[in-house]
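We did not get these values from a lab; they are worked out from the coordinates using the rules stated. The structure presented is a predicted model; accordingly, all values stated were derived computationally and were not measured. Ideal geometry is used to build each Cβ from the backbone, glycine not excepted, and the neighbour counts take in all protein chains shown.
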Amino acid sequence: MSQSKKPKTSIKRKISEMLSEMAVGFLGVGDSIGERQNRLNAACTAWNMACGSPLVRQRQLDQYRQGYLRFNPGTSPADLANILKDMELLIERKLKLFPDDKRQIVEARVVKVGNKFRIEVASATLE
């Protein structure tokens, strides 16, 4: 009798794969590890925000905007609007693709392997 190779439904996908799927097109931008790391950090923040209630999400997005301006005071209003739009789109994608996954990303990094990049992600379940 052969055993099925299908994973059990209780086994969750690797969060790095899910994050890559959620942020496809967003993470691949940037020529340096630093640029890609910044985008990965933003995608992780969006993932974590998406795990909260709509009210909490809105408050966190406002805090993100304030923090971004504090650390990047020269950001134009148009650039800030684009950054916030990216965050909102990432949050929407997470909610659409993985609405029931509430794991929080606690660490993520971009690793260069040859001439390609991969991401490593650590998560925690907060219930």
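Please compute the volume of the convex hull spanned by the alpha-carbon atoms of the range 13-53 and report it per residue in Å³.
62
Counting trypsin sites (Lys or Arg not before Pro) as exposed when in a DSSP loop with at most 14 other beta carbons within 10 Å, what is the longest stretch of the chain free of them? Please list the in-between numbers first.
Working: sites that count: Lys5, Lys8, Lys12, Arg13, Lys14, Lys102.
For trypsin sites (Lys or Arg not before Pro) (loop position, at most 14 other Cβ atoms within 10 Å), the longest site-free span of the chain is 15-101.
At 7 Å along the Cα-to-beta-carbon direction for both Lys116 and Asp31, put a label point, then send me their distance in nm to one decimal.
According to this spin-label approximation, the distance is 2.2 nm.
Would you mind computing, in nm to one decimal, how far apart the modelled labels at Gln104 and Thr125 are, each placed 7 Å from Cα along Cα→Cβ?
1.6
Can you give me the relative contact order of the chain as a percent, contacts being Cα pairs under 8 Å and 6 or more apart? Could the numbers behind the result be given before it?
Numbers: 112 pairs, mean separation 36.6, N = 127.
Dividing the mean separation by the residue count of the chain yields 29 percent.
Straight-line reach from Lys102: which aspartates and glutamates fall under 12 Å, measuring Cα to Cα and dropping same-chain residues less than 8 apart?
Counting by Cα, and skipping residues close in sequence, Lys102 has these aspartates and glutamates nearby: Glu127.
According to a simple spin-label model (label point 7 Å from Cα along Cα-to-Cβ), what is the distance in nm between Leu55 and Leu69?
It works out to 2.4 nm between the two label points.
Under a point-charge model restricted to the Cβ atoms of Lys and Arg (+1) and Asp and Glu (-1), what is the dipole moment magnitude of the chain relative to its Cα centre, in debye to the nearest 20? Spell out each step's value before the answer.
Values: 22 positive and 14 negative charges, 103 e Å.
Dipole magnitude for the chain comes out near 500 debye.
Report, to two decimal places, the Cα Rg of the chain normalised by 2.2 N^0.38 Å (N = number of residues).
Numbers: Rg = 16.3 Å, N = 127, 2.2 N^0.38 = 13.9 Å.
That works out to 1.18 for the chain.
Over the chain, with a Gaussian network built from C-alpha contacts below 10 Å, which listed residue (Ala46, Ala81, Ala23) shows the highest mean-square fluctuation?
Ala81
Going out from 0 in 5 Å bins, what whole percent of all Cα-Cα distances in the range 49-119 drops into each bin?
All Cα pairs considered, the percentages come to 3, 13, 18, 20, 19, 16, 9, 2, 0.
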